[in-house]
Amino acid sequence: MTETTYVQAIRAGIWEEMERDPNVFVMGEDIAEYGGAFKVTAGMLERFGEKRVVDTPLSESAIVGAGTGAAINGLRPVLEMQFADFMACGFDQITNFAAKCRYRWGQQIPMVIRAPAGGNIHGGPFHSQNVEMPYVHTPGLKVVQPATAYDAKGLLKASIRDNDPVIFLEHKYLYRSVKERLPAGDYTVPLGKAKVRREGNDLSIVAYGWMVHTALDAAAQLAAEGIDMEVLDLRTLAPLDREAVLATVRKTNKVIFLHEDTLTGGLGGELAGIVGEHAFEYLDGPMVRIAAPDTPVPFSETLEKAFLPTVDEVIEQARNLHRY
Amino acid sequence: MTETTYVQAIRAGIWEEMERDPNVFVMGEDIAEYGGAFKVTAGMLERFGEKRVVDTPLSESAIVGAGTGAAINGLRPVLEMQFADFMACGFDQITNFAAKCRYRWGQQIPMVIRAPAGGNIHGGPFHSQNVEMPYVHTPGLKVVQPATAYDAKGLLKASIRDNDPVIFLEHKYLYRSVKERLPAGDYTVPLGKAKVRREGNDLSIVAYGWMVHTALDAAAQLAAEGIDMEVLDLRTLAPLDREAVLATVRKTNKVIFLHEDTLTGGLGGELAGIVGEHAFEYLDGPMVRIAAPDTPVPFSETLEKAFLPTVDEVIEQARNLHRY
Amino acid sequence: MGALAAALPATEIDLDLARTLLYHMVMMRELEDRIETKLYRQGKVLGGCYTGRGQEAISVGSAILSQPGDWLTPSHRDMGALLIRGIAPKEILAQYMGRAGGLTRGRDGNMHMGCAKRHCVPIISSIGASVPVAGGLALAMKYRGESNVVFNYFGDGATSRGDWHEGLNMAAVMDLPIVYLCNNNQYAYSTPLDRQMNIDDVVERAPGYGLPAEIVSGNDVLAVFKATRRALEHVRGGNGPYLIECKTFRMSGHSAHDRAEYVPGMLREEWSRKDPVLMLQKYMVDREWATEQDFKQIRKGVLDEIDNAVEWALAQPFPDPSTLEDDVYETAPSGGRLRSAP
Amino acid sequence: MGALAAALPATEIDLDLARTLLYHMVMMRELEDRIETKLYRQGKVLGGCYTGRGQEAISVGSAILSQPGDWLTPSHRDMGALLIRGIAPKEILAQYMGRAGGLTRGRDGNMHMGCAKRHCVPIISSIGASVPVAGGLALAMKYRGESNVVFNYFGDGATSRGDWHEGLNMAAVMDLPIVYLCNNNQYAYSTPLDRQMNIDDVVERAPGYGLPAEIVSGNDVLAVFKATRRALEHVRGGNGPYLIECKTFRMSGHSAHDRAEYVPGMLREEWSRKDPVLMLQKYMVDREWATEQDFKQIRKGVLDEIDNAVEWALAQPFPDPSTLEDDVYETAPSGGRLRSAP
Ligand SMILES: Cc1ncc(C[n+]2csc(CCOP(=O)(O)OP(=O)(O)O)c2C)c(N)n1
Ligand SMILES: Cc1ncc(C[n+]2csc(CCOP(=O)(O)OP(=O)(O)O)c2C)c(N)n1
Ligand SMILES: [Mg+2]
Ligand SMILES: [Mg+2]
């Protein structure tokens, strides 16, 4: 059995759902003949035809708006944004319309917006951003970011079957850097459920996306020093699996929140809010946030390296917190 | 001496800056002859002429883009969004371009985007939102929300003189509901500085905008019960006055974060992150967040009342926390 | 009356059609009038209050041609379209009053209403945003090979928005079945046309998308009807979208609080002579299809209906605050209440 | 050469002008070639790598008419405009290599560059976003009563974006001094024109904004020059914006990693016969203004310049990581580092 990369897993997830349900279709820029900027939809045009693999003009707002309209009228669109950064061009459609349909008029919007996000690919200020927070902040939206190939496929399939609009953030650096053997056939990974990636007793780290791997690498090194760090992968960022976050803190009594997104207004704050209110009595040390600094994502290697949270940084902070 | 309302203070602030600096101009929908949806720019067309009081087509993205271009080319635009909710239509221009100019190419963008925000006016899902967080989350932007007429004028004047792009959120409910005597002549209120509105020793509450008044009302009632609550008004939401937040927590050892915005991804989380990391040792109780629930802003009075944080809720939570 | 006709919509102009059109126009006029000049001033209606006074012919003359499977995205001046789709005055009133019995069950207010069952998308407050959404509704029709169409309504102001452009362009490229109905009432809030666009007519934009388009008197309900019929022939035939520009005038402020002093008095006067209800009545009288007496009766019937509807709506409860957090997601997130963590 | 002429720009087509145009086109061609086929493959250039191969005539033939006080917003195919504005090849190379000496000091990469001093707005990566920004630059010119203009460059793909529409419309309404230069290279990434728009020519959109417009061969630098001269006469005269559509073809993939297999071979072949450098050279030879020998020398001079520039750029340091948090705001927020609280 061969291994499947994260990007292949996403492709397979869409493919299987399109086989399963004739109402599922894909739409976006350069996704048909070209197969998409990251080749996620490669081959789909040949298999499913023009009706279900829809190239659009360069119009993010219209893509989202049309996806929402199609969802209202019974289809299950899977939209591709060429880069997550350009979702900003459809921000009003996403946050002001799609997100509110169920609340306003009981209309479900079973729509997935897939968007390649994140850095470490020399993408610079416009092709590296982590855009999750405005959507996490918008009631009515679900936000997902897988860390593994298994989850990428399973979460995407669950997102396509979900009856609420889902922002599905794919990490560009993980596309080809992680792979694993996947079970044959159909499976899904439920939305809204975090997963303990590594059990530990001394302290916890909560992460998602690429940073799960950073956390696991740090945990492996810390283990050699006798520090036993539990790693929680959130997987779904909205709605958050608050119980899982509280459970790990109640277990280890110390916690680090790690994300690639910039610090201020990042998910780390929300997590600190949850823990600081509901597990305060369990805390034996400060809640540590590790995040990118509050700057645009820089391009040059020296700067991008300094910008992105590192394994070493996690190790150092974990040591300090463990010592606390 | 007569009292000046919050909305009059804003109008006076713009007016004085336009008198002072010929590069300051206002631009937006229906702001010239009509004087704007909330009459903030009333009379300016007559005084300053068409060149400096610019009506635009219904094009939020172009308003922001043109403002940014004008700022690059030496002017100091003060843009009006008719409602903060529709800033979503210019989201890409604000977050992807204006915010990053200084970092990318050293270009300052001395621009103010004024936007009437907030609820309690039966505005419903599209005319009541608190939109601060996506902008607080964007490095390069400043975000301001005054709670009083004095601050409204002083912060606006400081924002217009600031050389970075400022999102200036005006609370619609405060427009005509708060007023005070203002000093004659020129004054500014510095950006980035919070203000203790009420000294207290038993616990602290951190708020901004309309909720400052809710906090003060609660504090007054709590005082009668012998609970002495300190009220910190953030005034600037980005960059945050972290020292002031930490100082009040270090003083009272208990803290409530209060905002009208919805809970998840709201500023309360960020504040919890700051305090949980840097004043953990000072905390004698959980950090309490009081916020709107994670729903769109509902229209009907019964629902909107249930949605918005209330004085009673603050009192109850403060009592609990005090007792803790 | 008022229910979505089970049969195919009328296509010939005859007495029956004229009476139907007149009924809906009068209902829209009187219902909005009751809302604006009574209920709003009495404080029974909160929030914004927009009417389509003087523009009734547009939504009525077009929506009457809609078939059950079609979708409509009315603007805030198109109450007639909702009425024709079978939405009852009492539902509209309860909506305006924020009652649980309203179309959004109090979650949204005023004209921000619609109904999935009756294929009306509630107004998207962001002006212009309905245009791409109409594209998606139409795309699904094409996807399934249906012959249905979307009626996408908007004002002149909407044509300045990026979404309008993106939506029209995408629909034109994809040959989607949409009739665009622009109510050009010459103002976007206080902004007159010449501050919105550097052209005389919105139709001048159509060739830029490769779209057929025509101008019609938006105050002449039969002209709107005929233009819509032409458009539908084109659109249902699978030839892609079609734009109708309906020239009209907003015979009110932008909303109830706006005295519209920016409108030259002459302009309002000129248009008051083209009242769409009176125009249709004159047409009927000229053909001896009806008399003043008939019109009085129709109006009386409408007012009675409204009286009953107001009574019903006023008796509706306000939404129960305990429902505040329902329907944000299909299944409430675990962790219970949204206001605070577990 | 290469510096922004202190004097007024040339307006007559003569030997001097032809040589200047040729120099810039050859420099653009060779500099991009060096970046794409050498430095990128050697791993010296990271990130995306876009070139304007085959489209050099557009930026060169137009920007040469810019005056010092004008502003330009070049697209990612318009390196010639930067060169003409006096931005040196070495600065461009250092930019591509992410060095501290580059135009964005390593903060941004590849064509995402510009320079405030030389009035070039760095590319806004969101396609179409430069159009409203051009409006603001122009508004400031009008505000101060200057006779300057903005050169706003974009591709065919940009015309699908809402920002493009909003920007053009607002500029037309406000009579802003802008020359819009559309490089219609028939593709937006992999998407051919007929999937982008339901019209044959971008100029068909101009009447919808009340704008004058013309089509020109984008591979004929003198035709671009003449069209720009006409446009400038209109725009500097205070008559509002003007659109030039330059028909051309992208003689490369969308970016270095794209083999562009979606482009029919015939199309590429057809356009390779219209190479803008060769076309200008032929014009000069026909007039006996220059010989093949002269062209060789020009090219040799350019390659020498590039060699030196590469050497310089490679010697530039990468940005100091300690500068990471500088320049987010004019004054660093109190509380010190942005990575973590005090
Ligand atoms: C994106 C956006 N900006 C601003 C507004 C505020 N607003 C509501 S209606 C309106 C004018 C609309 O004009 P038009 O499209 O001509 O419709 P009309 O009201 O004339 O029927 C404005 C500016 C809005 N709803 N959405
Ligand atoms: C808003 C936005 N969406 C998508 C992209 C990704 N992208 C970069 S260039 C491009 C194609 C642009 O086509 P065109 O405007 O014709 O310019 P060309 O590259 O052909 O010169 C796309 C889709 C982007 N940069 N911005
Ligand atoms: Mg209008
Ligand atoms: Mg192109």
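The values are calculated or read from the model by the stated rules, or taken from the named source; none is laboratory data. These numbers were taken from a predicted model, which means no experiment stands behind them. A quick note on method: Cβ atoms are made from the backbone with ideal geometry, for glycine too, and the neighbour counts reach across all protein chains shown.
Worth a mention:
- So A:L232, is it assigned to a strand (DSSP E or B) and outside the structural domain of A:N130 (by TED's automatic domain parsing): yes
- Candidates in the stretch B:246-305 are the residues that are in contact with a Pro (Cβ under 7 Å, 6 or more places away or on another chain) and polar (S, T, N, Q); of these, the one that is surrounded by the fewest Cβ atoms within 10 Å (Cβ to Cβ) is B:T302.
- For the stretch D:200-233, a residue qualifies if it is within 15 Å of ligand 2 (Cβ to nearest atom) and part of a loop (DSSP other than H, G, I, E, B), and the qualifying residues are D:D201, D:G218, D:N219.
- Test: residue in the stretch A:133-143 that is at positive phi and of a type outside the set (V, I, T): yes
- Filter pass, C:A172 being surrounded by fewer than 24 Cβ atoms within 10 Å (Cβ to Cβ) and more than 16 Å from ligand 2 (Cβ to nearest atom): yes
- Selected residue (only one of A:Y135, A:Y103, A:Y150 is in a helix (DSSP H, G or I), surrounded by fewer than 24 Cβ atoms within 10 Å (Cβ to Cβ) and not polar (S, T, N, Q)): A:Y150
- For B:I31: the one exception among (1) outside any loop (DSSP other than H, G, I, E, B); (2) within 16 Å of ligand 1 (Cβ to nearest atom); (3) touching a Leu at 6+ places or on another chain (Cβ under 9 Å): (1)
- Against the conditions (1) away from chain B (no Cβ under 11 Å); (2) over 24 Å from the mean Cα position of the chain (by Cα), A:V245 satisfies every one except (2).
- The condition of being facing chain C (nearest Cβ under 8 Å), more than 16 Å from ligand 4 (Cβ to nearest atom) and not aromatic (F, W, Y) holds for A:R104.
- Screening D:D294, D:D286 for residues that are acidic (D, E) and either farther than 23 Å from D:V216 by Cα or in contact (Cβ under 8 Å) with a residue 60 or more places away in the chain (or both) leaves exactly one candidate, D:D294.
- Residue within the stretch C:116-128 that is away from ligand 1 (no atom under 13 Å from the Cβ), at positive phi and under 15 Å from the mean Cα position of the chain (by Cα) present: yes
- D:A158 being touching a helix residue (DSSP H, G or I) at 6+ places or on another chain (Cβ under 9 Å) and within 10 Å of ligand 2 (Cβ to nearest atom): yes
- So A:L191, is it within 14 Å of chain C (Cβ to nearest Cβ), of a type outside the set (S, T, Y) and surrounded by 20 or more Cβ atoms within 10 Å (Cβ to Cβ): yes
- Residues satisfying the stated conditions in the stretch B:96-136, i.e. out of contact with any Pro (no Cβ under 7 Å at 6 or more places or on another chain) and under 22 Å from A:G123 (Cβ atoms): B:N96, B:F97, B:C101, B:R102, B:G106, B:Q107
- When each of C:A227, C:A223 is tested for being crowded, with 24+ Cβ neighbours inside 10 Å and either of a type in the set (D, E, K, R) or more than 16 Å from ligand 4 (Cβ to nearest atom) (or both), the lone residue that passes is C:A227.
- Where helices (runs of 4 or more DSSP H) fall wholly inside the stretch C:1-101, the ranges with 3 or more residues that are surrounded by fewer than 24 Cβ atoms within 10 Å (Cβ to Cβ) are C:15-33.
- C:V235 satisfies every condition listed in (1) closer than 29 Å to C:D294 by Cβ; (2) in contact with a Pro (Cβ under 6 Å, 6 or more places away or on another chain) except (1).
- Counting only helices (runs of 4 or more DSSP H) that fall entirely inside the stretch D:105-196 and contain at least 1 residues that are more than 17 Å from D:S75 (Cβ to Cβ), modelled with pLDDT of 95 or more and within 14 Å of chain C (Cβ to nearest Cβ), the qualifying elements are D:162-174, D:193-196.
- Residue that is farthest from ligand 1 (Cβ to nearest atom) [pool: residues in the stretch D:234-252 that are within 13 Å of another protein chain (Cβ to nearest Cβ) and either in a loop (DSSP other than H, G, I, E, B) or of a type outside the set (A, V, I, L, M) (or both)]: D:E245
- Within the stretch D:90-104, the only residue that satisfies the criterion of being among the β-branched types (V, I, T) and facing chain B (nearest Cβ under 10 Å) is D:T104.
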